[in-house]
Amino acid sequence: MQRPIYCDHQATTPVDRRVLAAMEPYWTDMFGNPGSGHRYGWEAAAAVDRSRTSLAQFANATPEGVIFTSGATEANNLAIKGIAEAHLERGRHLVSVVTEHAAVLDPLRYLERLGFEVTLLPVQPDGLLDLDRLRAALRPDTILVSVMAANNEIGVLQPLAEIGTLLQQSDPKPFFHVDAAQALGKIPLDMQAMGIDLLSLTAHKIYGPKGIGALVVQAGIDLAAQLHGGGQEQQRRAGTLYVAQIVGFATAVEIATPQAQTELLALRTFLWQQLQNLDGVTLNGAWQPRLAGNLNVSFEDVPGNSLLSAIRETVAVSSGSACSAGKPSHVLKALGRSAAEIQASVRFGLGRGMTRAECEQIVAAVTTAVHQLRP
Ligand SMILES: *Cc1c(COP(=O)(O)O)cnc(C)c1O
């Protein structure tokens, strides 16, 4: 049986052939441990260094600031817990946003249980943060503000540069952490220009391998390690470096182009225009600024999760985050959507290689299903 069209690129992406080719030698010939003091180790260490430099350039940070992790979940945990633990004397208040990924919200809840105070800011109906609310939430004991670059469910882009400026003007200045798992390779992420202190990245949402990411930290920021052991990554993250994955990660970032985003935007605009031929469809989140590949739509008068099951054979999409499948979306709830609307929402995650013809097939399947399901 033919597999459905993959339209869930915010959950994960296939590994690009060029990424795979770059990784291959590091599993077989150049398998050394980058910590070893001989030829095999040096080869591996050189590959890690090149990747580190490349990623640092991309984020406008120093190579020493790049801490390789198993992905964005670990990077977020390291950023949030690592800052909280290292700066106890400065305060115990942390600020974030209700629409963040579970990999930010859960470490914050964990810290709350340890006696930290957390303020979660609401968003506007379009999913964007209100900067006045952020300003009002800051206190002298606020140590960290964590705001995602692009939302994984609705794709909206938070105003990072404005937030960075606002934080730079506050005294004492809290650290600014950004979960950029969805934004990497799609929008510019200049840590200097945006005033970002800590940046979480992952490879598998941009055609890189799963199981590798990084936390990029500006020079001079103290961070408490969350994994202890062999002292790798300047004592900030122990564990033998995943050389092949690291090479694949840097290659994936290097081959991401703005051109690809322009093409995705055209495709998404086409999909949205076609879907609007149905009555009772609502876009979730601002149309702009938004990730080019994301379209999140609620369908009125369609019961429960029946829409997703009805189109499953044609198209692989999700109702929201792959990490909280089964639970009603906290993001759509924060936008003020009703329980029924949340249940009848679909996140279309467009990606490289998708065609107009595929979008037409998707629209046809959705149209048939919606007509059948509506009373
Ligand atoms: C996917 C994702 C994560 C988790 O990243 P992993 O590398 O899979 O751990 C965190 N935050 C956001 C916004 C994501 O989209």
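Quick note: the coordinates plus some simple rules give every number you see, no bench work behind them. Here the structure is a predicted model, which is why all the values come from computation and not from measurement. Positions of Cβ are generated from backbone atoms using ideal geometry, with glycine treated the same way; all protein chains shown enter the neighbour counts.
Checking the Cα-Cα distances for Lys173/Lys205; Lys173/Lys327; Lys81/Lys205 against a 30 Å cut-off, the pairs over it are Lys173/Lys205; Lys173/Lys327. Take every pair of alpha-carbon atoms less than 8 Å apart whose residues are at least six positions apart; their mean separation over the length of the chain yields a relative contact order of 23 percent. Around the Cα centre of segment 1-89, unit charges on the Cβ atoms of Lys, Arg, Asp and Glu (plus for the first two, minus for the last two) sum to a dipole of about 300 debye.
When the Cα positions of Ala56, Ser298, Leu131 are compared along the charge dipole of the chain, Ser298 comes out farthest toward the positive end, with charges on each C-beta of Lys, Arg, Asp and Glu.
When the Cα centres of segment 251-307 and segment 181-229 are compared, how far apart do they sit, in Å? Each part reduced to its Cα centre gives a spacing of 25 Å.
A simple spin-label model places pseudo-atoms 7 Å from Cα toward Cβ; at Gln273 and Asp132 they are separated by 3.7 nm. A Förster radius of 45 Å, combined with the Cβ-Cβ distance separating Arg312 from Leu114, puts the computed FRET efficiency at roughly 0.60.
Take every Cα pair under 8 Å whose residues are at least 6 apart in sequence, average their separation, divide by the length of segment 1-113, and the relative contact order is 13 percent.
The angle between the Cα long axis of helix 356-373 and the main principal axis of the chain comes to about 60°, on a 0 to 90 degree scale.
The label point for His371 and the one for Ile255, both projected 7 Å from the Cα toward the Cβ, are 4.1 nm apart.
Using the Cα centre of the chain as the reference point, and only Cβ charges (+1 on K/R, -1 on D/E), how large is the resulting charge dipole? Debye, rounded to the nearest 20.
380
Candidate cross-link partners of Lys186 among the aspartates and glutamates, defined by an alpha-carbon separation under 17 Å and a same-chain spacing of 8 or more, comprise Asp8, Asp16, Glu153, Glu254, Glu263.
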